[in-house]
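Please read the structure below before turning to the comments.
The values are calculated or read from the model by the stated rules, or taken from the named source; none is laboratory data. This is a predicted model, so every value here is computed, not measured. Every residue, glycine among them, receives a Cβ derived from its backbone with ideal geometry; neighbour counts consider all protein chains shown.
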C-alpha cells in the first residue's frame, strides 16, 4: 500500500495529486491522508471512479481514505454508448443565494422562484453547481431544499463546492447533492452543451 499525504492542500489539489500518483504507480492499494472532510469525500469519490473499493477513517484531525483495487474489475470498463438524443446538457452555476443586486430580499425571492420553476426545463437540465454563497441553498432548512431534492430524484446532478461549505462551516448541514471540487466543476463545464451563470 502506498501512502499519499495531501494535508494542507487546497481544493482540488488533493484529488489532482492523488490522480497523478495513481497514473504513475498503478498501486493495488492506497492510503490518502487529508485534513478535512470535504477533501476526504472528493478523494473517495475519485478512487471509486478508478475502480477502488474505498473506506474512510478519521484519526485525530486527519482523514485516511483507503482504496483497494477491485480485482473483479482489473480492466477499464467499456464506455457506455449514449443513445442519440436531441436533448442539450445544460449546466447552471449558482454562485449566490440571491439573483441580482440592489434589494437582498427581492433577490432571495427571485432565487427561490427560479429554483422552484427549474423543473419546467425538463430533461435538458443536466447539472446544478453550487459555489460560494450559493451552497447555502443546499443545507437543512433552506427554502428550496425539497425542490432541489425533487430535481435530484428526477435525474439532475447537483454538485456542491466542498471548499465553500468548509468556508461557511456548513459541510455537516448539506442535505442534497454531492460534495465536489474544482476539478469536477471544470470537467462538468467541458462536458456541458450550455452553461448558465447566476
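Being touching a strand residue (DSSP E or B) at 6+ places or on another chain (Cβ under 7 Å) and exposed (fewer than 15 other Cβ atoms within 10 Å of the Cβ) is the filter here; which residues of region 122-143 pass it?
Our first condition is that a residue be touching a strand residue (DSSP E or B) at 6+ places or on another chain (Cβ under 7 Å); within region 122-143, this holds for 124-131, 134-135, 137-139.
Answer for region 122-143, where residues must be touching a strand residue (DSSP E or B) at 6+ places or on another chain (Cβ under 7 Å) and exposed (fewer than 15 other Cβ atoms within 10 Å of the Cβ): just 124.
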Taking region 32-55 and keeping only residues that are part of a strand (DSSP E or B) and either buried (at least 17 other Cβ atoms within 10 Å of the Cβ) or assigned by TED's automatic domain parsing to the domain that holds residue 181 (or both), one is left with 32, 33, 34, 52, 54
Matching residues in region 103-156 (in contact with a helix residue (DSSP H, G or I) (Cβ under 6 Å, 6 or more places away or on another chain) and part of a helix (DSSP H, G or I)) number 5
Determine, yes or no, whether residue 197 is over 25 Å from residue 49 (Cα atoms) and without any contact (Cβ under 8 Å) to a residue 40 or more places away in the chain.
no
Of all residues being modelled with pLDDT under 95 and in contact with a helix residue (DSSP H, G or I) (Cβ under 9 Å, 6 or more places away or on another chain) in region 90-102, which is surrounded by the most Cβ atoms within 10 Å (Cβ to Cβ)? Just the residue, please.
100
Please verify whether region 49-57 includes one or more residues that are more than 24 Å from the chain's Cα centre (by Cα) and modelled with pLDDT of 90 or more.
no
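What residue, among those in region 157-171 that are under 18 Å from residue 119 (Cα atoms) and touching a helix residue (DSSP H, G or I) at 6+ places or on another chain (Cβ under 7 Å), is surrounded by the fewest Cβ atoms within 10 Å (Cβ to Cβ)?
158
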